[in-house]
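Notes to accompany the following structure.
Please treat every number below as a calculation from the coordinates, not as lab data. Here the structure is a predicted model, which is why all the values come from computation and not from measurement. Methodologically, a virtual Cβ is constructed for each residue, glycine included, from the backbone with ideal geometry; neighbour enumeration extends over all protein chains shown.
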Amino acid sequence: MATSGANPAICWEVRSLSIESCLHSIEKGCKGQGYYFYSEKTPDADNQQGSLRDPSTTARRTSCCYRMVIQSDPSGNRGLRSGGVSSRRKEVSMRTKEIEEQKKKLRLTEEQREVLIGILLGDAHLETQNRGRTYRLKIEQSERHKNYLFHLYEIFKEWVLTPPQFRIREYPSGKKSIHWWFQTVSHGAFRFYAHQFYKEGKKRVPKLIHRWLKPRSLAYWFMDDGSIKWSKSKALILNTQAFSPGDINRLIRVLNNVYQLEVYPRKQKDGVQIVISGKTFHRFVEIIKPYLLPSMIYKLPGGGQTQMPKE
């Protein structure tokens with residue numbers, strides 16, 4: 001599907017810039033190519049599971065977000081010079097019809113469905129703007145996981161109108177960080193998953209997760225929200241703090257019964273994590289290895305090859 005908004009070449013160029021130089025460099029580069037740049041500061045929240053506006057998570061601190069916008073006309077009236085308002089409206093109408101026709105052809109593939117299950121257990125979330133008739137998938141990751149986010153973009157590319165964008169988030173402490181994000185079109189295909197993963201605006205674990213959590217789903221869940229327990233252990237963590245005790249027990253049963261993994265709950269100040277014991281570490285790695293991205297191997301102790309205590 002064709003993209004709209006910022007020039008894709010500009011987007012790909014700016015994603016490699018550091019926080020310190022991005023504002024000046026992007027503004028200079030965009031103006032040099034006939035583009036206009038501005039930053040927009042908006043209130044935001046940093047919360048569990050990594051989603052910005054996911055009602056299923058609990059806000060822990062307030063932050064500000066700088067959204068980088070690139071457009072071809074500083075006045076915001078792009079297209080008005082050749083035909084006026086009526087021409088612009090006609091262009092928008094034709095574009096809308098084109099998008100709607102493309103949306104009718106969209107179907108989730110088996111790969112997309114399995115990935116979707118995994119990332120919805122992690123940081124991804126679904127949003128609706130029409131009271132549940134359709135939903136869109138929104139994904140956001142830190143600069144460190146930029147490669148992972150662009151990998152997800154490639155998987156869902158035909159569902160996305162605009163390539164990944166970044167925003168600079170500024171915290172009350174003064175710390176700044178770059179976050180990358182993209183979202184799909186709103187579509188009825190996501191409605192089933194919204195009904196399964198959400199209840200009254202709060203994220204939950206579907207009752208049939210034992211059927212849906214395939215090896216690929218498990219791998220993406222870990223890449224999205226997994227980590228090492230501590231540096232001298234083979235034990236791994238799945239960050240499930242946003243889920244209820246009942247949901248966490250359901251996930252533990254699936255990992256035990258379906259994948260024969262030794263797992264147990266671990267209480268934290270902000271909720272409960274799931275720990276994958278080092279005793280079944282190698283089994284877990286064998287399950288997810290076909291789907292694990294090179295950029296995510298750091299989440300395994302020693303890349304999954306070292307001899308470490310099974311704690």
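Volume per residue for segment 213-304 equals 89 cubic angstrom (convex hull of Cα atoms).
If packing is taken as the mean number of other Cβ atoms within 10 Å per residue, what is the order of 264-275, 110-121, highest first? Walk me through the numbers before you get to the answer.
Values: 264-275: 15.2, 110-121: 20.7.
Put in order of decreasing packing, that is 110-121, 264-275.
Distance between the C-alpha centres of segment 263-288 and segment 154-212: 24 Å, rounded to the whole angstrom. Remark: segment 213-304 carries a charge dipole of roughly 220 debye about the Cα centre, counting +1 on each Lys and Arg Cβ and -1 on each Asp and Glu Cβ.
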